[in-house]
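Working notes for the structure below.
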Amino acid sequence: MKKIPITFIIDDSAPYVMTPYTNREPKLTADGRPLMRFSTKEMLLRFADIIAEVGMRGKFSIIPMAGNEGDILNGFKDVKLQDVRDWLDIARQRVAPFFSICPEMLSHRNAVDLKSGKALPEREDVWASTQNRTALTPYITHALEILKKASFDVRGVTSPWYFGKEVEEEYVAALAQAIYDVYGYKSSYYFLHQLRGVPNVKPWIAYEKDDRCVVSIPAVTRDWFWETMDSTEDSEDYISRVADHFITADGKGGCIVHELELGSYPTLCTHWQSLCSNGLMTGMRAFAEVGRRINEHLLDRVEWVSFNELLDIIIRNKDSYRVKPISMQRIEYEY
Ligand SMILES: [Zn+2]
C-alpha cells in the first residue's frame, strides 16, 4: 500500500518582523508580557537544524511586505538589511529544500496600494473579500515577483486570515494566472481552508481550465503550539504535554492519529510565532518532539512531503483529487 503524505504548514514567517506584534493591540501576550517585536536568524537556524535532523517536510510562508514595515528586498523598519539578507540565505539554503516557500500575500496586515507601495486602510483579507480576478491577479503577482527577485522558486500561496474566501472562484483563477505569469507554472497550490474532524479530507482540485490547475491544500489540525506564546512554562514535561495534542509519546493518541483514522491526509498546521513562543522557543522544542514521535510510530503509514511534492503527487493523479470535502467549515484562530 502506498504511504499517506504528511506535511507541516508553517504560517506567518518573515525575516525578523513578527505579525502578532504588528497586528495586535495591546502588544501583549495573553498572560500579560510584552510581545516580541522581532525574531532572529538564530531562531531560523534552530528550525533549519530540526527539519534536517528529524527529516520533516512541509510549507514555509515568507510574507514579502510583512506588517507594512518594508519588504524582504529593501529591508524592514528598525532591522539591519544585512540581517534580512542573512535570514533569506538560511531560508534559501536550509529551509527551501524541505519546506516549500510561498508568500502569505503581501503584508499579513493592511492591503497594499500596488502603485505607491503604501498601506491602504483595510486589512488585506477584508480588501480581498470584495475583489475580482482583475484586481487579485496583480496583487498575487506582486507577492510572487518579490519572492522571485529574492531567488525563491514558488509554486503556490498561503492566504493570510480568510484572504479570498468570499471570492474563492476569482481568487483561484487569479492565482492560476499569476503563477503562470511570474514562474511559468501551469499548476499551483493554495492554503486557505482548515477542516478538522471531517472524514476523508484530502487536497482537492479547485480550478481547472485548459492546461491550468490549482489545488486547495487544507489543514486538518489546529495549531497546538500556539499556547506556548502565552506561557512561561518550559519544563520537559510541559513540552511533552504540548506535543501530546498532535501525537502522544506512545503513538496511540493525538489529533494526527485521529485524522488518520478518519481517512484524512495529516496536513498539520502551526505558525512561526508559535514556534518562537515569544522568545522561549518552547513551541520549537514541541515541534521537534512531534516530528520525532511521528517518525518513531507512523512511518510505516505516512511519508513526509513538501507542498511542492504533494502538488506533484496530485497533478500525477488528478482523478483521485476532484472531490471537495462535504463539510467546508473553516476554523480560524489567528488573532
Ligand atoms: Zn497567517
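No value in this document is a laboratory result; all are computed from the given coordinates. Keep in mind the model is a prediction, meaning the values are calculated, not measured. Glycine gets a Cβ as well: all are built from the backbone with ideal geometry, and neighbour counts include every protein chain shown.
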task: Could I have the simple spin-label model distance between residue 135 and residue 148, label points 7 Å from Cα toward Cβ, reported in nm to one decimal?
output: 2.4
field: region 218-231 - phi-based ³J(HN,Hα) in whole Hz, Karplus 6.51/-1.76/1.60, Gly and Pro as x
entry: x, 8, 10, 10, 7, 8, 6, 7, 3, 4, 5, 5, 10, 9
statement: Residues meeting the amide H criterion for residue 269 (H placed from the backbone, H to H distance under 5 Å, 5 or more places apart or on another chain) are 9, 221
task: Restricting to region 4-321, compute how many DSSP beta bridges are antiparallel as a %, nearest 5.
output: 30
- line: Scalar couplings 3J(HN,Hα) for region 191-199 by Karplus 6.51 cos²θ - 1.76 cosθ + 1.60 (θ = phi - 60°), nearest whole Hz, x for Gly and Pro, are 10, 9, 9, 10, 10, 10, x, 9, x
Structure-based [θ]222 nm, the chain - -39500 (n - 2.57) summed over DSSP H runs of at least 4, per residue, nearest 500: -10500 deg cm²/dmol
query: Out of 255, 102, 4, whose Cα points farthest toward the positive end of the dipole of region 4-321 (charges: +1 Lys, Arg; -1 Asp, Glu; placed on Cβ)?
result: 102
- line: The Rg/Rh figure for the chain, Cα atoms and Kirkwood Rh, to two decimals is 0.94
statement: Expected vector for region 66-78, Karplus 3J(HN,Hα) from phi with 6.51, -1.76, 1.60 and θ = phi - 60°, integer Hz, x for Gly and Pro, equals 3, x, 6, 10, x, 8, 6, 8, 10, x, 10, 3, 6
- prompt: What span do the alpha-carbon atoms of region 33-105 cover on each of the three principal axes, reported in whole Å from largest to smallest?
  reply: 34, 28, 22
field: Reference-scaled alpha-carbon Rg (2.2 N^0.38 Å with N residues) for region 96-202
entry: 1.06
